[in-house]
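This report concerns only the one structure given below.
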Amino acid sequence: MSGQQGDVLLFQTNDGGDVSVSGGLVEMSGGLETAAYLSLFGGNEGDNGQANNPDTWWGNVNEPDPQRQYRSETQHLLQSLVAIPANLRRLERSAVRDLSWMITAGVATSVSAVASMPGVKKVRIAVTINAEGSPSTIEFFENWKADAL
């Protein structure tokens, strides 16, 4: 039996993350897809991204290293901001903040995000991560869950 290497590849669905299983094996990835997914959508939905927040994700409670804590401000904003084009820039800034640990930790030299609305109450966030001089873009499609004004 061959060993699996890398991270479990998580992908976005209409109701959260999922994994793909083929031939009894979970699909793995050696890239940064899973780290990016967890950074944007892996925290507690009630966590507004601020340090010392009582609504932080449970995994952050005993993690002393701030670089290893998931804040997922992007996930929170998709539930608290109205789904209008003017809020796309705010989502882009939050995605970059959620991914900035990659630069601090030396995993990447730069990260960027571009958000768009491909449909009603839908958002597409394309993040570009430059790791080892080789930029890669990962796309996330998510429901914009906040209610209208």
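The values are calculated or read from the model by the stated rules, or taken from the named source; none is laboratory data. None of these values were measured; they are calculated from a predicted model. Neighbour counts are summed over all protein chains in view; Cβ atoms, including those assigned to glycine, are modelled from backbone coordinates with ideal geometry.
Can Asp65 be described as surrounded by 20 or more Cβ atoms within 10 Å (Cβ to Cβ) and either closer than 22 Å to Val19 by Cα or of a type outside the set (A, V, I, L, M) (or both)?
Judged against the criteria, Asp65 is not a match.
For segment 99-134, what are the residues that are small (Gly, Ala, Ser), more than 13 Å from Ala35 (Cβ to Cβ) and touching a helix residue (DSSP H, G or I) at 6+ places or on another chain (Cβ under 8 Å)?
Listed by number, the residues that qualify are Ser110, Ser112, Ala113, Ala115, Ser116.
Identify, please: which residue in segment 81-91 is in contact with a helix residue (DSSP H, G or I) (Cβ under 9 Å, 6 or more places away or on another chain) and assigned to a helix (DSSP H, G or I) and is, among those, farthest from Ile129 (Cα to Cα)?
Among those residues, the one meeting the criterion is Asn87.
Take Thr74 and decide whether it is touching a Gly at 6+ places or on another chain (Cβ under 9 Å), under 23 Å from Phe141 (Cβ atoms), buried (at least 19 other Cβ atoms within 10 Å of the Cβ) and hydroxyl-bearing (Ser, Thr, Tyr).
Working: touching a Gly at 6+ places or on another chain (Cβ under 9 Å): yes; under 23 Å from Phe141 (Cβ atoms): yes; buried (at least 19 other Cβ atoms within 10 Å of the Cβ): yes; hydroxyl-bearing (Ser, Thr, Tyr): yes.
For Thr74, the condition - touching a Gly at 6+ places or on another chain (Cβ under 9 Å), under 23 Å from Phe141 (Cβ atoms), buried (at least 19 other Cβ atoms within 10 Å of the Cβ) and hydroxyl-bearing (Ser, Thr, Tyr) - is met.
Considering segment 41-56 alone, what residues qualify as being closer than 24 Å to Phe141 by Cα and either acidic (Asp, Glu) or at pLDDT 75 or above (or both)?
Phe41, Gly42, Glu45, Asp47, Thr56
Name, by its number, the condition in (1) over 17 Å from Lys145 (Cβ atoms); (2) in a helix (DSSP H, G or I); (3) free of Cβ contacts under 8 Å to residues at least 40 places away in the same chain; (4) under 13 Å from the mean Cα position of the chain (by Cα) that does not hold for Tyr70.
Against the list (1) over 17 Å from Lys145 (Cβ atoms); (2) in a helix (DSSP H, G or I); (3) free of Cβ contacts under 8 Å to residues at least 40 places away in the same chain; (4) under 13 Å from the mean Cα position of the chain (by Cα), Tyr70 comes up short only on (2).
Working carefully through the options Arg97, Arg90, find the one that is free of Cβ contacts under 8 Å to residues at least 60 places away in the same chain and either more than 17 Å from the chain's Cα centre (by Cα) or over 16 Å from Glu142 (Cβ atoms) (or both). Spell out how you get there, then give the answer.
Working: Arg90 fails: either more than 17 Å from the chain's Cα centre (by Cα) or over 16 Å from Glu142 (Cβ atoms) (or both).
Matching residue, one of Arg97, Arg90: Arg97.
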